[in-house]
Structure formats: C-alpha cells, structure tokens
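Reading through the structure tokens given below for one structure.
The values are calculated or read from the model by the stated rules, or taken from the named source; none is laboratory data. All figures in this text were calculated on a predicted structure; none of them were measured in a lab. For neighbour counting, all protein chains shown are included, and Cβ atoms are generated from backbone atoms with ideal geometry for every residue, glycine included. Side chains included, ligands, DNA and RNA excluded: accessible areas come from the protein's heavy atoms. Shrake-Rupley method; radii C 1.70, N 1.55, O 1.52, S 1.80 Å.
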Amino acid sequence: MEFLKNLGIASQNYGASTGQVWLKTDDQGQFNITSPADGKAIASVYQCSLTDYQQVVDTADQAFAYWRRMPAPARGEIVRQIGNRLRENKQSLGELVSYEMGKSLQEGLGEVQEMIDICDFSVGLSRQLNGSTLHSERPLHRMYDQYHPLGIVGVISAFNFPVAVWAWNAMIAAICGNVTIWKPSEKTPLTAIACQNIIKDVLVENELPEGIFSLVIGEGNVIGEKMLNDTNLPLLSVTGSTRVGRHAGVTVAQRFGKSILELGGNNAIIISPDADLKLAITGTVFGAVGTAGQRCTTTRRVIIHESIYDQVKEILITAYQGLKIGTPLDENNHVGPLIDTQAVAMFAQALDKVQCQGGKLLCGGEVLSGPGYESRCYVKPAIVEAQNDYEMVQNETFAPILYLIKYSGDVNNAIDIQNDVVQGLSSAIFTNNMREAETFLSHWGSDCGIANVNIGTSGAEIGGAFGGEKETGGGRESGSDAWKGYMRRQTNTINFSTELPLAQGIKFDI
C-alpha cells in the first residue's frame, strides 16, 4: 500500500528508536500486525530487548541535559516544525491509523489533525510558561513560583488512539523541557514507527541530539513493567483500562513517581423533555458507535426522561438500522471493525450477561461474516434496555453497546443515575432549559472531569484539559494548564534587605 511506503514502514521493522537511530535487536520475538479491516497481514515488528530499553533511557537522559537548557520558545520552534511535517504526511498517516486500528478514515485523519493542533497549541504555550509573583510577609523580600522540567516522561498509550495521545503528552512535555519515551500498544505499533520516521528529519535538520523523542515496542509485562518501576522516569502517562491503571498508579507511587492516568469511562448522556431531539440523537449515535465504541469517551448510557422515552427509543433504533458497517477506508461507512476477535468475543459475552441480568436487546448484537467481513471483527452496534444497577451497566465494555435507562421526576434524578458508577470521565446533557443545564454543571451536578451541554460525550477539543475522576484515574492531558503536570513546582524567596527577618515573626539572635 502506498501509505506504508510513504511512511517508511517495511515488511519487518525494529522495535526501539532513539528518535534518529533504530536499534537492531531481532531475537526477542515479533509482533505480527494484521488489519482488523480485512484480516490481512500488514507488517511485523521486532520486540525491543531490555538492553535496548536501557540504551534508550541512557540516551534520553543525555538529551534531557541538552534540551532543558534550550529556551522554551526555541523548543517550541522544533515542535512547530514537527507540526508542519505532520501536515505533509496527514493523508498517509491517517490512512495507516484507519487501516491498522480500524477506525473510520475520517476519524483517522481527524486524529492526525489533533496531533497537528496540539503542536500549534504547544508552540503558543512555549511563550506562556508562567509562574506567580507572591507578596512576602517579610519586608524587602520577593517571593514567586516557577516551574522546571521533570526529565524523562514515559508515555504508555492504548490502541484506540494510537498517535494522538502520544502527541498530547510528547509535545506538551517537549516545550516544558522534558524528553519522552513512548511505548505504544503492541496492537498498533506501526503508527508509532511512522511517527518516529516523520519527526526524524526535523531533529536531524536542527542538529539536535538523539533521545528527545524515543520509542520502545514490547510486551506490557516486560517493557511496560520496566517503565513503571524505572526511577529514571519521574512521570508516567498511562492510557488503558482501570485494571491496568490501578496497577500502574500503585507501582509508580511506590517509588514516589508521578502519574497521569487516563482509564475507563462509563459515559452518559441525559436527554431531558426540553432537549432538541435532533441534536440529542445525532450526539448519542455518534458518541455510541464512533470508533466502533472503542473510545474512552464513548457514550455507554443514555438516560431519558420517561415522558419522551418511547419516542427517543424508536428514533434511536431507526437510526441504528441505517448505519453502514464496513471497511473504515470507505468514507461512506459509519462503523468499522473492532480491534480484534478477542474484542468481538467480549462484545458478545457482555450482551449475553446483561440479558441474563434483565436487559432487553432492542437491536444489533450480531457478529458479521461473509464478503467484506473476512476479518471477523465487524459487529452490529447494539441497543439494550437496562437499569443502571445491572452489573454489566456498571462496568465498561469497550465495544458499541448502548444502554437505555429511563428516569422520572426532575433533572436531579437523572444526574444521580449518571453519577452512580465508579467511572467519571465524560458526561453530557441535552436540554434547552437553563436551570437544568446549570444544575448539571453545578457543584452538585455531574461528577465527571468533562461535562457538556448540548454536545455529546466524545470529541474533546485539545484546548481543554482532558481527564476524569474516580476510577477514570486522575490527572489531565492536553490543553488549559495541564502542562503543569509535566513540571516540578518551586517556590523562590529573595531577600534584598540588609536584615534577616524570619517568617511568623520568630526571633533568633546570635
């Protein structure tokens, strides 16, 4: 395929890079990557060794000593050039994202655009890394806060956003003066290799040292575990399941490291009697079936007022029956494949279990086969009538299953249902009632890190801080002041008097 050639993807690829040099270990086993779109082999990747990993860490540590001394705007200039290189390769990289991961081509191109946008955001941010000047209680003293880079930032990303999440972390970390080591999902390593190839020329052209943006590809229980325990990595950004995040958070905390955890979501949309149903239906359907339900912000539950419940249910069923399911490279299709047959099995098992718990399957749920579905990774998105306290509804299934839940009374009852899960990532309400909207956004409203009015749960902008609460993990990535998470904070006091007054009026005469 032309996009593989354009991105430097060979039939066999190495699994460790210092950003400019590939380490050529080939005796640690391989990942054989097939496309969920058609089941065909794409390429293989040699796993990196622990020796490779250590070489990458040592090189990154040396690069940090250089990189942190560059002025932040100069670091921003490098990120600007990376953004431009991504623009040049947007079509090819978007096609690879779609083919390797299975999301629609529109979403693949959108993910690359997200990388470009975060580069642009980071360039501006490189001139705005501000602290605060504070008033000292002591005369002729000045006090202020400032922020310093941490060092090597480890990024462990998931298959569903194989490039954007790395860019969120790596570009913000870079302008802050950090260097990054990226471990992508073993299910989607080719997109990571492509990114290293894209940015290599920028680093070489600017005569920068190796190790500013590095890559290690290997098993999570080997390379991933090494990163979690490595004191050379003061910050780990981990995207994955709540189970993975719980282990990562404890492991990193035990060595007093910092972590940013982007974990599970059990996101809900509330549809009130005052909703614009055209907006609500569009937001719900895209949120539920986009990326075949494999987003952390996917709409899992829709909480509908009893007065419009039957109406909304029928409209949703009709909309689902019109979904076009097929190869993600065809822009006419709405839904592509799940990542692999294991994900398909989890989809089917979840539907069986929720029906045993009392749920009613309203439409969808079939595993598709035949021409165009040879990979056995395609399913029909399902709608299930359910109650919020069902065990399966309380848990996230990373697949296109939408639970319909009825509420009565006022919006506070709907908010209580929405909040009554252990996850807390994204939430939304569709209403034209100002009181309902403001209640939803109030201190006693949605308990999620993201709360939207009249837009869905997925499709966050890079300008806002991204992240959640409760078992979604904590920490923020991307926009707003999320950059502070990649820095260490320092308070400075300067005495420009001829005396040494002590704080709190303490006297100490010698």
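Annotations
- Rg and Dmax over the alpha-carbon atoms of the range 299-451 stand at 16.7, 52 Å.
- At 0.890 mPa s and 25 °C, Stokes D of the range 81-122 from Kirkwood alpha-carbon radius, µm² per second: 245
- Of the listed residues TRP22, TRP182, the order by accessible area with a 1.4 Å probe, largest first, is TRP22, TRP182.
- Cα centroid separation - the range 105-150 against the range 185-203, whole Å: 25
- Anisotropy class assigned to the range 1-132 is oblate, per the alpha carbon gyration tensor with a/c at or over the 1.5 cut-off and a/b no larger than b/c.
- Sites GLN12 and GLU331 - FRET efficiency at Förster radius 35 Å, r taken between beta-carbons, to 0.05: 0.65
- Whole-Hz couplings from phi, Karplus 6.51/-1.76/1.60, listed for the range 347-358; x for Gly and Pro: 4, 5, 5, 4, 5, 4, 5, 5, 5, 5, 7, x
- Sorted largest first, extent of the range 176-236 alpha carbons per principal axis (Å): 36, 26, 16
- The range 388-404 residues near the modelled LEU361 label - backbone nitrogen below 14 Å, point 7 Å along Cα→Cβ: 400-402
- For GLU210, nonlocal amide neighbours, meaning residues 5 or more places apart or on other chains whose placed amide H falls under 5 Å from its own, do not occur.
- Once the chain from PHE256 to ILE494 is taken as fully extended at 0.36 nm per residue, the excess over their C-alpha distance is 82.7 nm.
- The chain, relative contact order in percent, only Cα pairs under 8 angstrom and at least six apart counted: 18
- Solvent-accessible surface ranking, highest first, for CYS119, CYS448 at 1.4 angstrom: CYS448, CYS119
- Within the range 449-468: backbone nitrogen closer than 19 Å to the SER132 label point (7 Å, Cα to C-beta): 465
- Label-to-label distance, nm, for residues given as ASP389 and GLU374 (7 Å Cα→Cβ offset): 5.0
- Relative contact order %, the range 295-444, counting alpha carbon pairs below 8 Å whose residues are six or more apart: 26
- The region of the chain that goes longest without hitting one of the trypsin sites (Lys or Arg not before Pro) in a DSSP loop, each with at most 15 other Cβ atoms within 10 Å, is 325-506.
- Put simply, when 426-433, 94-101 are sorted by average Cβ atoms within 10 angstrom per residue, most first, you get 94-101, 426-433.
- Over the chain, the hull volume per residue, using the convex hull of the C-alpha atoms, is 170 Å³.
- GLU499 - accessible surface, heavy atoms, 1.4 Å probe, Å² rounded to 10: 120
- Surface/4 estimate of mean projected area, convex hull on alpha-carbon atoms of the range 385-510, nm²: 14.1
- The chain: antiparallel DSSP beta bridges as a percent of all, rounded to 5: 40
- Probe 1.4 Å, protein heavy atoms only - accessible area per residue of the range 379-483 in square angstrom: 40
- Cα-derived Rg over Rh, computed across the range 284-359 with Rh taken as Kirkwood radius: 0.99
- Assigned charges on the beta-carbon of Lys, Arg, Asp, Glu; the range 1-52 dipole about Cα centre (debye): 100
- Kirkwood hydrodynamic radius of the range 316-402, from the reciprocal of the average inverse Cα-Cα distance over all distinct pairs: 13.4 Å.
- Label zone at GLU225 (point 7 Å along Cα-to-Cβ), backbone N below 19 Å, the range 175-202: 183-187
- Qualifying chymotrypsin sites (Phe, Trp or Tyr not before Pro) in the range 434-510, DSSP loop, other Cβ atoms within 10 Å at most 16: TRP444, PHE496, PHE508
- Cα gyration tensor shape of the range 251-327, rounded if a/c is under 1.5, else prolate or oblate by comparing a/b with b/c: oblate
- Take every pair of alpha-carbon atoms less than 8 Å apart whose residues are at least six positions apart; their mean separation over the length of the range 280-341 yields a relative contact order of 32 percent.
- Surface share of carbon and sulfur [accessible, 1.4 angstrom probe, percent] for the range 13-74: 44
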